[in-house]
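The values are calculated or read from the model by the stated rules, or taken from the named source; none is laboratory data. The model shown is predicted, which means the values in this text are computed figures rather than measured ones. For neighbour counting, all protein chains shown are included, and Cβ atoms are generated from backbone atoms with ideal geometry for every residue, glycine included.
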Amino acid sequence: MTTEGAASELAPAASAEVNPWLIAVVVSLAAFMEVLDTSIANVALPHIAGDLGASTDESTWVLTSYLVSNAIILPVSGWFVGIVGRKRFFMLCILIFTVSPLLCGVAWSLGLLLLARILQCAGGGGLQPLAQASSLAYIDTYFILSVAAGLMFLLSFTLRKKSPSRAKACRTLDRRASEEIQSQK
């Protein structure tokens with residue numbers, strides 16, 4: 001694939017009728033499921049250790065293997081997108097992330113479970129950067145900055161009631177966000 005072909009797959013098609021909100025919801029849901037999977041494994045760790053006859057220290061490798069795999073797949077996700085395209089890579093990640101928990105469920109040893117978790121992260125690790133990249137590609141930057149400023153305002157309103165030092169920091173963030181939005185116009 002040429003560089004021009006890869007670049008055209010990265011950019012959203014101008015002629016296609018695409019609902020940016022549908023894309024944002026789908027990719028955000030996929031990223032949320034990846035984060036939820038990590039949390040579920042944390043909660044289930046004692047049960048995993050008991051069912052596989054492993055010690056608590058050995059069972060923590062279920063979490064460690066996933067995190068190490070995540071640290072490897074995150075930086076190379078952009079490279080994979082450049083090779084196969086954003087949509088194909090997203091669908092491949094969803095497929096791997098959906099099928100690999102079956103392997104986790106039927107694992108009869110800790111080693112097989114670790115291998116299945118590494119495979120699961122190979123699919124799930126690419127979902128976070130894809131969610132961010134897709135949201136930025138399909139939704140107007142001005143809108144994203146407006147929503148971010150609104151969220152910062154709500155956060156600062158909440159934190160102002162907590163302590164005066166946080167209030168000063170939040171006012172600074174509010175001012176910087178307002179300046180950034182004004183510079184975008």
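Out of 54, 31, I need the residue that is surrounded by 12 or more Cβ atoms within 10 Å (Cβ to Cβ), in contact (Cβ under 8 Å) with a residue 60 or more places away in the chain and either closer than 19 Å to residue 132 by Cα or not β-branched (Val, Ile, Thr) (or both). Which one?
Within the list 54, 31, the selection yields 31.
Is it the case that some residue within segment 76-90 is buried (at least 17 other Cβ atoms within 10 Å of the Cβ), farther than 20 Å from residue 42 by Cα, in contact with an Asp or Glu (Cβ under 7 Å, 6 or more places away or on another chain) and not polar (S, T, N, Q)?
Checking segment 76-90: at least one residue is buried (at least 17 other Cβ atoms within 10 Å of the Cβ), farther than 20 Å from residue 42 by Cα, in contact with an Asp or Glu (Cβ under 7 Å, 6 or more places away or on another chain) and not polar (S, T, N, Q).
Pick from 119, 102, 95: which is over 18 Å from the mean Cα position of the chain (by Cα), modelled with pLDDT of 85 or more and within 19 Å of residue 35 (Cα to Cα)?
Result: 102 is the single residue among 119, 102, 95 that is over 18 Å from the mean Cα position of the chain (by Cα), modelled with pLDDT of 85 or more and within 19 Å of residue 35 (Cα to Cα).
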